[in-house]
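Inspection log for the structure reproduced underneath, given as structure tokens.
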């Protein structure tokens, strides 16, 4: 009987390990809003990044950008925590202090993000 329980537990562990990573992936609404806000800046500086926001975000978590993962991001963008953080970021960007601190290392961050996205599979659009 103990051997059967051990076998069942082993099978359950193998099945859990084989499950796609996207199933265990949870989206942090405020974090996604901050990412989206920063990604807009990257798109303005690096045209090759345009249209790959979801792929880039998912690449940070080493998740392939399939329809299920992209749908989860779209749902998170509709959530109250995302909307609240997005509104806060838009208001903060309008402040004079935010405009004065535009000399950040954003170009290096954008290049690093784009490099990670390409490792996972985001391809530049022609």
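Tell me, in nm to one decimal, what length is gained between residue 38 and residue 90 on full extension, where the rule is 0.36 nm per residue of separation less the Cα-Cα distance? Working shown, then result.
Details: separation 52, 0.36 × 52 = 18.72 nm, distance 1.12 nm.
Stretched out fully, the residue 38 to residue 90 stretch lengthens by 17.6 nm.
Work out, step by step, the length gained on full extension between residue 109 and residue 64: first 0.36 nm times the residue separation, then minus their alpha carbon distance; give nm to one decimal.
Values: separation 45, 0.36 × 45 = 16.20 nm, distance 2.10 nm.
This chain segment gains 14.1 nm when fully extended.
Would you mind getting me the FRET efficiency between residue 48 and residue 80? Use the beta-carbon distance for r and R0 = 25 Å, nearest 0.05. Walk me through the intermediate numbers first.
On the way: r = 33 Å, r/R0 = 1.33.
So, using R0 = 25 Å, E works out to roughly 0.15.
Computed from the coordinates by the stated procedures, all read-outs in this text should not be read as laboratory data. All values derive from a computational prediction rather than experimental measurement. Please note: Cβ atoms are built from the backbone with ideal geometry, for glycine as well, and neighbour counts cover all protein chains shown.
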